[in-house]
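The values are calculated or read from the model by the stated rules, or taken from the named source; none is laboratory data. The shown structure was predicted, so the numbers you read here are calculated from the model rather than taken from an experiment. Here the Cβ positions follow ideal geometry from the backbone for every residue, glycine too, while neighbour counts run over all protein chains shown.
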Amino acid sequence: MSSAEVSGASRAQVDAGAVRRVRLASLTTLKVGGEAELWTVEDDTGLRAATGEPFYVLGAGSNLLVSDEGVPARVLRLGRAYAALDALDGRRDLWLGAATPVPGLVRRAQRLGLSGLEGLLGVPAQLGGAVVMNAGTRFGCLADTLHEVEVMLDGSLERLSAHALGLRYRHSELPAGAVVTRVRLQLTASTPARVQALMDQVDAARKGQPKVKSAGCAFKNPPGDSAGRLIDAAGCKGLRVGDAMISPEHANFVVNLGAATTADVLALLALVQQRVDQPLELEWRRWGLPGGDAPQPGWQRTERDAV
Ligand code: FAD
Ligand code: EPU
C-alpha cells in the first residue's frame with residue numbers, strides 16, 4: 001500500500017502492518033464486504049490517535065454486513081493487548097480487554113466454576129461487540145453480568161456504568177465516538193458441573209442452527225414471536241440469490257455458500273421481506289449501506305466543529 005492510499009497514517013505504521021488495506025470479507029463471519037483501511041491498535045495511545053478522524057470499530061465481525069464497495073472511513077481493530085484472558089483467574093469481579101474472545105471466556109469461566117456467562121455459549125463475538133449488541137440467548141445476556149465499561153471517547157478514557165448503556169434485547173446506547181476498551185464483569189460463584197449443566201441446555205437450544213458461514217440471525221425477533229418461524233412459515237427456507245441462501249436448517253440465518261456478495265445478501269433479504277407480511281427489523285449492523293451506521297465521529301473533527 002502506498003502512503004497516498006492511507007489517510008493520516010505514518011509511513012512507519014504502514015511498514016509495520018498496523019495500517020493496511022484489507023477486504024473486510026476476510027474479517028467478517030459472513031465473508032462478504034469490500035475494502036477498507038484497517039488500523040490495528042495495540043495500546044490506548046495508539047487508539048487515541050486512531051480515533052481522531054472518523055472511524056468504524058470492528059469486533060469479531062459476527063454481526064456485520066459491509067458494502068461490496070467497502071467503507072469510506074478507517075476501520076479500527078483492537079489488537080492482542082486488549083485480549084488478555086489471563087485476567088480470568090478465579091476472581092468474580094474482573095476487568096477484561098474488549099477484544100477478549102467470548103467463546104474462550106465462556107469456557108474458562110466454566111472451568112473456574114464461575115456463573116453468569118452460560119447464555120453466551122456459541123456466540124462468536126469479542127467482548128466489546130457483545131456489549132454493543134447485548135449478545136445472548138433466552139438463557140442470559142451480557143447485561144446480566146456487566147457492571148461497567150471503560151471507553152475511549154473524544155480522546156480520553158472514561159468509565160460508564162452498565163446502567164448508562166441502556167442495554168436491552170440486542171441493543172445498547174453507547175455514546176457516539178466511543179470505543180469500548182475494557183469491560184468489568186461480575187460473575188457468581190458456582191461449580192464447574194452446575195455451569196456446564198446450564199451450558200448444555202444452551203447448546204441443545206442451538207442445535208438447529210447452521211454451522212456454515214453466517215452472521216447469526218439476520219432479523220431481531222418481533223415481540224412474542226420468532227423471525228425464524230415467520231420466515232420459515234413464508235416458505236423461504238432454501239431461497240437463494242447467487243451464493244446467499246436462507247438456511248434450510250434455520251430460516252433466520254443467511255448462509256454464504258462460497259462466493260456470495262453483499263448485493264446478493266441484500267437482494268435475498270428484500271425477497272424475504274416481500275414474502276413475510278410483517279416488517280422485520282435487521283439485527284445486523286450495516287456499514288456503507290442505506291439505513292446503516294454512519295462512521296463514528298473522530299474527536300479532532302468534533303473539536304474543530306466546536307470552535
Ligand atoms: P461486530 O460484529 O464486529 O460488531 C458489531 C457492532 O459492535 C458494530 O457496530 C461494531 O462497531 C461494534 N463494536 C464491536 N466492538 C466494539 C468496541 N470494542 N467498541 C465499540 N463498538 C464495538 N448474537 C446473539 O446475541 N446471540 C446469539 O446466540 C448469537 N449467535 C450467533 C451465532 C453465529 C454462528 C454468528 C456468526 C453470530 C451470532 N450472533 C449471536 C451474532 C453476534 O455474534 C453478536 O451480535 C456479537 O455480539 C457481535 O460481536 P462482534 O465482536 O462480532 O461485533
Ligand atoms: N423456528 C421455525 N423455523 C425456523 C427457525 C425457528 O419454525 O427455521 C421456530 C422454532 O421451532 C421455535 C421458534 O421458531 O419454535 C424459535 O426458534 P429458536 O429456538 O431457534 O430461537 P430463535 O428465536 O430463532 C433466538 C436468537 C438466537 C439464539 C437462539 C438461542 C434472535 C433473533 N435469535 O433464535 O440468536 O441463538 O434464540 O436459543 O433473538 C442471533 O441473535 O444472531 C442468534 C443466533
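State yes or no: is Ala98 small (Gly, Ala, Ser), closer than 30 Å to Gly288 by Cα and touching a residue at least 60 places away in the same chain (Cβ under 8 Å)?
yes
Test Ala234 against the criterion of being in contact with a Lys or Arg (Cβ under 8 Å, 6 or more places away or on another chain) and either under 19 Å from Val66 (Cβ atoms) or of a type in the set (Lys, Arg) (or both), and give yes or no.
On the way: in contact with a Lys or Arg (Cβ under 8 Å, 6 or more places away or on another chain): yes; either under 19 Å from Val66 (Cβ atoms) or of a type in the set (Lys, Arg) (or both): no.
So Ala234 fails the test.
Tell me yes or no: at least one residue of the range 23-44 is more than 19 Å from the chain's Cα centre (by Cα), free of Cβ contacts under 8 Å to residues at least 24 places away in the same chain and not assigned by TED's automatic domain parsing to the domain that holds Gly97.
Within the range 23-44 (the criterion being more than 19 Å from the chain's Cα centre (by Cα), free of Cβ contacts under 8 Å to residues at least 24 places away in the same chain and not assigned by TED's automatic domain parsing to the domain that holds Gly97), the answer is no, since none of the residues qualifies.
How about the range 32-151: which helices (runs of 4 or more DSSP H) wholly inside it have at least 1 residues that are within 21 Å of Ala205 (Cα to Cα)?
Numbers: elements: 44-50, 102-111, 127-133.
Hits in the range 32-151: 102-111, 127-133.
Within the range 194-223, work out how many residues are free of Cβ contacts under 8 Å to residues at least 24 places away in the same chain and assigned to a helix (DSSP H, G or I).
3
Can you name the residue in the range 216-235 that is buried (at least 21 other Cβ atoms within 10 Å of the Cβ) and more than 15 Å from Thr137 (Cα to Cα) and is also farthest from ligand 2 (Cβ to nearest atom) among such residues?
Checked the range 216-235; the qualifying residue farthest from ligand 2 (Cβ to nearest atom) is Leu230.
Please go through the range 1-31 and give me each residue that is of a type in the set (A, V, I, L, M, F, W, C), in a helix (DSSP H, G or I) and modelled with pLDDT under 80, ordered by number. Give the steps one after another, and end with the answer.
Residues of the range 1-31 of a type in the set (A, V, I, L, M, F, W, C): 1, 4, 6, 9, 12, 14, 16, 18-19, 22, 24-25, 27, 30.
Then keep just the ones that are in a helix (DSSP H, G or I); that gives 4, 12, 14, 24-25, 27.
Ala4, Ala12, Val14, listed by residue number.
Within the range 202-214, how many residues turn out to be surrounded by 14 or more Cβ atoms within 10 Å (Cβ to Cβ) and either touching a helix residue (DSSP H, G or I) at 6+ places or on another chain (Cβ under 9 Å) or in the same structural domain as Glu150 (by TED's automatic domain parsing) (or both)?
1
Across the range 169-189, which residue is nearest to Gly298 (Cα to Cα) among those that are more than 13 Å from ligand 1 (Cβ to nearest atom) and crowded, with 20+ Cβ neighbours inside 10 Å? Explain how you work it out, then say what you get.
Our first condition is that a residue be more than 13 Å from ligand 1 (Cβ to nearest atom); within the range 169-189, this holds for 184-189.
Filter again for crowded, with 20+ Cβ neighbours inside 10 Å, leaving 185, 187.
Numbers: Leu185: 28, Leu187: 34 Å.
Among them, the one singled out is Leu185.
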